[in-house]
Structure formats: structure tokens, C-alpha cells
Amino acid sequence: MTKKKNDIQHKIEFSIQHIKKLQFIETDPSLLGIEKKSFPEAKIDMGFGLIPNDKLEMVSIQMNADFYIIENEQKIVLFGIRTEYAFKIKDFTNVFQMAKDGKVTIPDVFMHIFLNVTIAGTRGMIAALITVEKYRHLILPPLDMGRILTEMKNPQKVPQEQPI
């Protein structure tokens, strides 16, 4: 993938510096009295955070996802995960635009790559970590990257909620 900057082609290259499971929670449905319930109405709340660090030439994406149902007008979290993916960017300051105030502009096309890696890896962690068999049958929805990027650029919005 290339990005044109001052009429010079720059190849964007990165490595994954680390992948972290920051937190994983799973609620035993028998403790909630919902063990016989199926979860066709389960939903997901997601949030994403972007942490650029030009000094370390890195970009980190943090992802939060809570899978829940509404029971008697109460939100019951079935399981949730928090992850962080850090990407080391070769030639960071020549590839990304740097503002004087320290803000970094990362092209959407590259953010799609970061998000795809983060989401796919987090899905894999969920599959590996879930112990409640009923939760394994929940289908995780495809995600709208355009919507996620819009919400990341406008963080005052409510986190993305989707039925699963």
C-alpha cells in the first residue's frame, strides 16, 4: 500500500508489536437464572480507541466489546472483552501527516487495515476464551468499518450497538 506525500511515493509497512487481552469477563447464565434461555436478541456494544505515538513510531488500537441481553429492562452482560493491538510503523513521520499540535492524521484506508487486524484477532480471542457453550452459538455480525471510523473521529457519539 502506498501513500503520496509531496509527490514522493511512500510504502506503508508495519509490524504488530504486541497483542494484549486487557480483560475478559464471562457470566455464567445459571447464576442469572437464564440458563434455559436462548439468546437470539443478544446485542453488542463496541468502542474503539486510537493511540498514535510518533516518538515510538507506533499506533495502538484498543477495542471494547460487551455482548448482552436485556432482561426485565436491565442490561445483562453475557461476556465482554478488552484488547489492545500495537502496530510499529516504518518511517512513521514520513508516512503520516503530523500537525504542530501533535495530532497525527492516519488515512482511512490504513485505519481499515488496523481495524480489520484488531477485530479479527479479538474474534479469535473470544472463540478461544469462551467456556459457556450457549455463547459459542452467537453469531458475531459483520462490522461497518465506515461507521466505526466515523465514530472514532467523533468520539462524543454513543458506542456502536448491533444485534447479533
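Listed values, structure above:
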| read-out | value |
| --- | --- |
| Residue 130 being at pLDDT 90 or above, within 19 Å of residue 22 (Cβ to Cβ) and touching a helix residue (DSSP H, G or I) at 6+ places or on another chain (Cβ under 6 Å) | yes |
| Residue count, the stretch 1-29 (criterion: at pLDDT 85 or above and not in a strand (DSSP E or B)) | 4 |
| Tabulated pairs, the stretch 131-147, first in contact (Cβ under 8 Å) with a residue 24 or more places away in the chain and closer than 26 Å to residue 28 by Cα, second part of a loop (DSSP other than H, G, I, E, B) and among the small types (Gly, Ala, Ser), C-beta under 7 angstrom, 6+ apart or interchain | 138/42 |
| Top-ranked residue of the stretch 127-150 - restricted to ones that are among the hydrophobic types (A, V, I, L, M, F, W, C) and under 19 Å from residue 49 (Cα atoms), ranked as surrounded by the most Cβ atoms within 10 Å (Cβ to Cβ) | 148 |
| Test: residue 101 is surrounded by 14 or more Cβ atoms within 10 Å (Cβ to Cβ), farther than 19 Å from residue 16 by Cβ and among the acidic types (Asp, Glu) | no |
| Restricting the stretch 40-72 to residues that are free of Cβ contacts under 8 Å to residues at least 12 places away in the same chain and either touching a Lys or Arg at 6+ places or on another chain (Cβ under 8 Å) or assigned to a strand (DSSP E or B) (or both), the residue that is surrounded by the most Cβ atoms within 10 Å (Cβ to Cβ) | 53 |
| Residue within the stretch 78-92 that is small (Gly, Ala, Ser), closer than 19 Å to residue 135 by Cα and buried (at least 18 other Cβ atoms within 10 Å of the Cβ) present | yes |
| Unmet requirement for residue 34, which otherwise passes all of (1) assigned to a strand (DSSP E or B); (2) surrounded by 12 or more Cβ atoms within 10 Å (Cβ to Cβ) | (1) |
| Given (1) touching a residue at least 40 places away in the same chain (Cβ under 8 Å); (2) in a helix (DSSP H, G or I); (3) of a type outside the set (S, T, N, Q), index of the condition residue 79 fails | (2) |
| Set 118, 131, 122: member being outside any helix (DSSP H, G or I) and not small (Gly, Ala, Ser) | 131 |
| Residues of the stretch 83-110 satisfying the condition of being at pLDDT below 90 and aliphatic (A, V, I, L, M) | 95, 98, 99, 104, 106, 109 |
| Residue in the stretch 94-112 that is within 29 Å of residue 43 (Cβ to Cβ), more than 11 Å from the chain's Cα centre (by Cα) and among the small types (Gly, Ala, Ser) present | no |
| Filter result (among the aliphatic types (A, V, I, L, M) and within 30 Å of residue 41 (Cα to Cα)) within the stretch 66-93 | 69, 70, 76, 77, 78, 81 |
| Number of positions in the stretch 82-101 that are free of Cβ contacts under 8 Å to residues at least 60 places away in the same chain and not in a strand (DSSP E or B) | 6 |
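The values are calculated or read from the model by the stated rules, or taken from the named source; none is laboratory data. All values derive from a computational prediction rather than experimental measurement. Don't worry about glycine lacking a Cβ; one is built from the backbone with ideal geometry, like all the others, and counts go over all protein chains shown.
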